[in-house]
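Enquirer: The structure follows.
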Amino acid sequence: MSKDGNLAGLRVVDLTQGITGPFASMQLADAGAEVIKVELPNGDYARQVGPPFLNGESAVFLSVNRSKKSVVLDYRLGDQRPVLHKLAQTADVFLEDLGPGKAEQLGFGYEQLSLRNPGLVYCAITPFGENGPLRDLPGCELVLQAMAEYTASLGRIGDPPVRLGADVACINTGIFAAQAILAALFFRERTGQGQRVAVSQFGSLLHMRGIMWHSMTNPDDWYGFHLDHYTNPPDYGYEAQDGALYFILRRGSSEDWDRLVLELGMEQVLTDPRFDDYGRQATSIGRYAPEVKELWEQAFKQRPRDELIKLIKSVGGDAVPVMDYRSLISHPQVEAIGAIIEVPHPNGGVFKAIRPVARFTGAPQPRISAPPRLGEHTEQILSALDAVKA
């Protein structure tokens, strides 16, 4: 087990595949937990997802499985299930994503495992939850985004719906699952009792979508959020001479506002009510931002982006360049927070990844190790179970 990190000494047995469950368990591994990844003989299906592949390994698999140990165990076979039971007896946390009732049918649901391990925190992850007409429907990112209405507020009005580029269902459910596991572990610390935690991808998206829906319940005068309102066009930023920027005005004084307008040659907006309150409703998520965007861009098009950013900041506004991948990873702020790390590649060499978000001062940071090769730790882990009573 890891000797470093806030979760040092904690053992996690993880049967999940793909992105959601592995992302949840990777957060625990990043904090120092020992994560044992139990795989069927053909392995986590994410090992085959690609391109891209790095030295023959799926980039998707590599991205969510660092610092884990891989054990091959065909728990579908009756003679292998006692081995899984023994392994679960040594665990603090058990994760599965087999679908409602499937683990119970195979003999390792929470009630079955907790008989010999009453302190076990058991996390079941499903696409649509464990009840209702969709409980048995297999989920995927596009299906979940469409079902949770996430595709309704991207793209142009009247055009077909557009998916979010990020895997918000998978990743955010993984985050919620890790949070729930930690809450259950805290409860166990106080009471000695384990418990079963259930998390669904559909429920996670509804929870996130609820910010907008709460605002729509009975609005007196509501005009939406950035990229969320049903009648707002996409926001591509404001085109300058050499690229796009995004800006917002919220802290400036009347003198700052006058200086900005005069500097940009936009004196005509001083009598335009859409620019009242020092332009705060004419930028970002402001009520009038979409309809006055052209006026800003007329003033911006002859000026370099960096010059405009400096000017806007000088009058109390916030302004940033609209980034692409190459400019982002080379940005000094990314380097300053140490966002990119090098992780050992299972087939040799290293690959770059995003480091864990949180920084802790009270415990040494765990060493990040390579994502495991299929079955790499089977003998090491299973041979240690000989002393565990069946």
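Enquirer: Ignoring the sites themselves, what is the longest stretch of the chain with no chymotrypsin sites (Phe, Trp or Tyr not before Pro) in a DSSP loop and at most 13 other beta-carbon atoms within 10 Å?
Expert: In the chain, the maximal stretch lacking such sites is 1-221.
Enquirer: Could you work out the relative contact order of the chain, using alpha carbon pairs under 8 angstrom and six or more residues apart, expressed as a whole percent?
Expert: Relative contact order here is 19 percent.
Enquirer: Testing the spin-label approximation: label points 7 Å from Cα along Cα→Cβ at ASP318 and GLN380. State their distance in nm.
Expert: 4.4 nm
Enquirer: Please compute P(r) over all alpha-carbon pairs of the chain, binned at 20 Å starting from zero, and give each bin as a whole-number percent.
Expert: Histogram of Cα-Cα distances, whole percents per bin: 23, 46, 26, 5, 0.
Enquirer: Would you mind computing, in nm to one decimal, how far apart the modelled labels at ARG190 and ALA166 are, each placed 7 Å from Cα along Cα→Cβ?
Expert: So the two model labels end up 3.1 nm from each other.
Enquirer: Between ASN131, ASN347, ASN55, find the one with the highest GNM mean-square fluctuation for the chain; connect C-alpha pairs within less than 10 Å.
Expert: ASN131
Enquirer: Test of understanding: what is the full-extension gain from ALA244 to ALA8, defined as 0.36 nm times their sequence separation minus their Cα-Cα distance?
Expert: Extra length available between ALA244 and ALA8 comes to 80.4 nm.
Enquirer: Straight distance only, please: which lysines reach the Cα of LYS68 with their own Cα at less than 30 Å, same-chain residues fewer than 8 apart left out?
Expert: Cα-Cα hits under 30 Å: LYS3, LYS37, LYS86, LYS102, LYS352, LYS389.
Enquirer: Calculate, in nm to one decimal, what ASN131 and ARG76 gain on full extension: separation in residues at 0.36 nm each, minus their alpha carbon distance.
Expert: Full extension of this stretch gives 17.4 nm more.
Enquirer: For the chain, with a Gaussian network of springs between Cα atoms less than 10 Å apart, report the residue from VAL71, VAL261, VAL121 with the top mean-square fluctuation.
Expert: Of the options given, VAL261 has the highest mean-square fluctuation.
Enquirer: When a/c reaches 1.5 or more, the comparison of a/b and b/c decides; with that in mind, is segment 23-70 rounded, prolate or oblate per its Cα gyration tensor?
Expert: The shape class here is oblate.
Enquirer: Moving on. How high is the relative contact order of segment 238-321, in percent, with contacts defined as C-alpha pairs under 8 Å that are six or more residues apart?
Expert: Answer for segment 238-321 is 50 percent.
Enquirer: Kirkwood Rh and Cα-based Rg: tell me the resulting Rg over Rh for segment 238-321, rounded to two decimals.
Expert: 0.91
Enquirer: Restrict the search to segment 71-113; then list the trypsin sites (Lys or Arg not before Pro) that DSSP places in a loop and that have at most 13 other Cβ atoms within 10 Å of their Cβ.
Expert: Answer by residue number: ARG76.
Enquirer: Over the chain, with a Gaussian network built from C-alpha contacts below 10 Å, which listed residue (PRO346, PRO366, PRO332) shows the highest mean-square fluctuation?
Expert: The residue with the greatest mean-square fluctuation here is PRO332.
Enquirer: Need the list of lysines near LYS301 for cross-linking: C-alpha distance under 29 angstrom, and skip anything on the same chain fewer than eight residues off.
Expert: Result set, ordered by chain and number: LYS293, LYS310, LYS313.
Enquirer: A further question on this structure: Going by Cα centres, segment 69-116 and segment 151-176 are how many Å apart?
Expert: Their Cα centres are 33 Å away from one another.
Enquirer: Provide the three semi-axes, in whole Å and in decreasing order, of the ellipsoid equivalent to segment 10-141 as defined by the square roots of 5 times the Cα gyration tensor eigenvalues.
Expert: Working through the eigenvalues yields semi-axes of 23, 19, 14 Å.
Enquirer: Right, another one. Would you work out if segment 328-375 is rounded, prolate or oblate? Take a ≥ b ≥ c from the square roots of the eigenvalues of the alpha-carbon gyration tensor; rounded if a/c is under 1.5, else prolate when a/b is larger than b/c, oblate otherwise.
Expert: Here segment 328-375 falls in the oblate category.
Where a number appears in this text, it was derived from the coordinates with a stated rule and is not lab data. Here the structure is a predicted model, which means the values were calculated and not measured. Every residue, glycine as well, gets a Cβ built from its backbone with ideal geometry; the counts of neighbours run over all protein chains shown.
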